[in-house]
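The values are calculated or read from the model by the stated rules, or taken from the named source; none is laboratory data. Fair warning: this is a prediction, and the values are worked out from it, not measured in the lab. Here Cβ is always computed from backbone atoms with ideal geometry, including for glycine, and neighbour counts include all displayed protein chains.
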Amino acid sequence: MGFTERLARFALDNNSFDKLPPEVVLLSKEMMVNAAAVALAAAAHPEGRTLTQFVQQMQGNGKCTIIGMGLRTSSLYAALTNGTMVHLLDFDDEITPRGIHPSCTVFPVVMALGEMNGIPGKDVLTAYAIGCEVTSKLAGIDRLNALALYPISSPCSNRDGVAGAIGATLAAALLLNLDQEQIENALGIACGAAAGISANLASGARALQCGRAAMNGVMAANLAQQGCTGARDAIEAVGGLLDVHWNRDKVDQEGFFSQLTDPYDIIDLGVTLKLYPCESVSHTAIDALLQLMQQYQIEAGQVASVHVGVTPQALGRLPFATPQNGWEARFCLSYIMAATLLYGPPLIDHFSDAAVQDAEVRRMMDRVSVEAAETPTQLIPNPSAVAVTLSDGRRLQNRVEFAQGQPELPLDTGELDAKFLYCSRYILPADHIEEAIDSFRNLENIDNVTGMASVLGG
């Protein structure tokens, strides 16, 4: 039995809510709350509005909600738009050792198809959990047994756009009740369009690649349902998905299947629900600085210099020394530290083009130095050390091994609710905010998700 055939069989064999471990159910619902929140925030962003206008111009009529826009479109365009918005602000979930953001490709698929077809919450949750698990395991198929350390730089292939397309396809296939042969065909169709490049790192196109992966999944499953065929060995074949985006001869295919759901990645490796809308490897440095500021009541005017020590791997994921726009600012540690000193915890507004050009921030950046001085370990992959020298000569130091929101320090329900409120406060009325959160937390008891999905429209 080939890889593609086995993957289709795995999805069908595990398509039961009763097979989901309770901790997977609980965490999946929290991930969905988070995904809805960050998509709502992105609805106010210029790129989110641009994409919605594009969809309207394409006359994408239908009954699937575009989150935060008060509009409906086809399941295809809803997946594209909502997937893009989940990832747009770099505020979505992440399984960091795999370098993957599963919700941006799977969440929009299950919500669109669930809303369109009036599917029960249990089925939506099951398809979501399976889609996220396959996305994560496939993203790391070439390093399943390697140390869970951050790569020095992203691979040329953007794995959200590649692995995410496969997870999205399986989620869509389960909700459309495809059989074994149809799922294999759907995977073949999806593999032909699975794509993404890391060169789009600091642009809106980075998120659009995720939206396209979600759309790819919906399209592939629908076409297969209607009789369209694809290579039924498209993942493992010569010239297939593994050949193009990984090294087929070096990936551990048997290890992949032996580890699927045993355990789930969101439990074993853990999933990060971000507290700050920027590159996740910067978060330990942010927390280290915030702790110093709080402990010693530091004000920006007192600071003579700041020295930040991070790992070489983290520095590789923060490549911009001087950001030119809001996109680059999310990947510039000196900017993130300067903004934190001036304004406290980084917020969405701190990563606008106007904020980046602020003269006060630029002056503070000149006082920040960054060095690859920390050593990662398997247990502590991303420590950061911050030293603040004050104008009176005092030197204050702090080192943080794990940031808030990471699996070791997960957000509690109150903190996640506060994030949802922050992201949605200008989009949803107060009663809809509470209704949306409660619906996700009670998802397995909802007979038809159409109503809860429409609430997110604003």
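One table, with the values for the structure above:
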{"item": "Positions within segment 224-254 being basic (Lys, Arg) and either surrounded by fewer than 18 Cβ atoms within 10 Å (Cβ to Cβ) or not in a loop (DSSP other than H, G, I, E, B) (or both), in sequence order", "result": "Arg248, Lys250"}
{"item": "Test: residue in segment 322-331 that is closer than 21 Å to Ala387 by Cβ and either modelled with pLDDT under 95 or part of a helix (DSSP H, G or I) (or both)", "result": "no"}
{"item": "Residue identified as in the same structural domain as Ala355 (by TED's automatic domain parsing), surrounded by fewer than 21 Cβ atoms within 10 Å (Cβ to Cβ) and among the polar types (S, T, N, Q) among Thr340, Thr322, Thr311", "result": "Thr322"}
{"item": "Answer from Ile235, Ile286 - the residue that is at pLDDT 95 or above and either in contact with a Leu (Cβ under 6 Å, 6 or more places away or on another chain) or farther than 30 Å from Thr413 by Cβ (or both)", "result": "Ile235"}
{"item": "Hits in segment 269-292 - residues which are in contact with an Asp or Glu (Cβ under 8 Å, 6 or more places away or on another chain), crowded, with 20+ Cβ neighbours inside 10 Å and assigned to a helix (DSSP H, G or I)", "result": "Ser280, Thr284"}
{"item": "Helices (runs of 4 or more DSSP H) contained in segment 1-109 and holding at least 1 residues within 30 Å of Ala354 (Cα to Cα) and in the same structural domain as Arg159 (by TED's automatic domain parsing)", "result": "22-42, 46-57, 75-88"}
{"item": "Complete set of residues in segment 387-404 that are surrounded by fewer than 16 Cβ atoms within 10 Å (Cβ to Cβ) and of a type in the set (Gly, Ala, Ser)", "result": "Ser391, Gly393"}
{"item": "Residues satisfying the stated conditions in segment 158-200, i.e. crowded, with 24+ Cβ neighbours inside 10 Å and of a type in the set (Asp, Glu)", "result": "Asp160, Glu184"}
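Let's see how each residue does on (1) touching a residue at least 40 places away in the same chain (Cβ under 8 Å); (2) part of a loop (DSSP other than H, G, I, E, B):
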site: Leu342; (1), (2): yes, no
site: Pro345; (1), (2): yes, yes
site: Ala355; (1), (2): no, no
site: Val361; (1), (2): no, no
site: Val370; (1), (2): yes, no
site: Glu374; (1), (2): yes, yes
